[in-house]
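Report on the structure given below.
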């Protein structure tokens, strides 16, 4: 129980992230919650343990798997960021995807997945869910409500959304698609890792929102963590029960690092959004570039939906190079960069460049984007230095003779 009331939600994100999940400003003691580690929970007598086992999911504390005073503040903060009622912390971002899918799907049922979905999500559907007898239909990410409704079957239980799409950044009309799903009593799950706090999922019809806390919440490229935020207590109970049955757990030390990271998240997001747009505009002005896949960039695919539904954008986007440049030439460009690492992560303080051509799976579309692609994440470096680095990389690409 907080000693001070929670900060009102009409305060800015900066203020809320400074105060959420803390004991209170008028409580004697350290500012940050401590790290509580433990597996065994002792009880004063057998009757107490028996009574505890029959309490609600929130109150029951009979083993470390139930969570600790380090987990609970982080869950409060993540729910605050997304505007949800409750949060369940799990071990990784992928676990934050698979846990609610398992909570809402069973043998003989059906899930709708965007064709642009994160690769490991597709693999989970094609292998684990398929072995369980769950059918998956991949739909074009730009589908409208009428087209989606035509794909819903009597056995459809889940509509999964990812907006923008992984690697290729297609925007989805989340409110319209969610309304179409709810009209047929289909639960709506959204991977909102890119949207983070810039997209408030529960104002747009989402039932369960998924976050790879590994990214911007942690912010320092050193922790794997996931969060599942729900629109209602009943949805949280369903997700939490599944997480407990799966043995899903996150290290208290990792939760503590995420709590520390979240205090500076708003500042990092603000800086990285500005830097990311500056670098994206530079790309858009280059003759070597066919398209910049950054929804917040005017003229980019999906910009109108982004402008309608989002309040900002993080620092991850894609670049499609002109077809006269080979995939090998773009690889040479990436390898020539000094300030951009080659890695699959994003959301940290460091800039990254990841070639994506040949690593994208599609089944509901051609998968032809006009030229070789590279995904860029802009960190906290000076954007002028990043652009100078890219200039050198472009010179290598232009001179490549593979």
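The values are calculated or read from the model by the stated rules, or taken from the named source; none is laboratory data. Remember, it's a predicted structure, so these values are computed and weren't measured experimentally. Using ideal geometry, Cβ is built from the backbone for each residue, glycine included, and neighbour counts are taken over all protein chains shown.
For (1) buried (at least 24 other Cβ atoms within 10 Å of the Cβ); (2) under 17 Å from the mean Cα position of the chain (by Cα); (3) assigned to a helix (DSSP H, G or I), each residue gets a yes or a no:
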| site | (1), (2), (3) |
| --- | --- |
| 143 | no, no, no |
| 149 | no, no, yes |
| 176 | no, no, yes |
| 179 | no, no, yes |
| 193 | yes, yes, no |
| 202 | no, yes, yes |
| 206 | yes, yes, no |
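Of the residues making up the range 35-91, those that are part of a helix (DSSP H, G or I) and modelled with pLDDT under 90 number 11. Checking each residue in the range 275-299 for being within 25 Å of residue 214 (Cβ to Cβ) and out of contact with any helix residue (DSSP H, G or I) (no Cβ under 8 Å at 6 or more places or on another chain) picks out 276, 277, 280, 293.
Applying the set (1) outside any helix (DSSP H, G or I); (2) closer than 30 Å to residue 142 by Cα to residue 235 leaves exactly one unmet item: (1).
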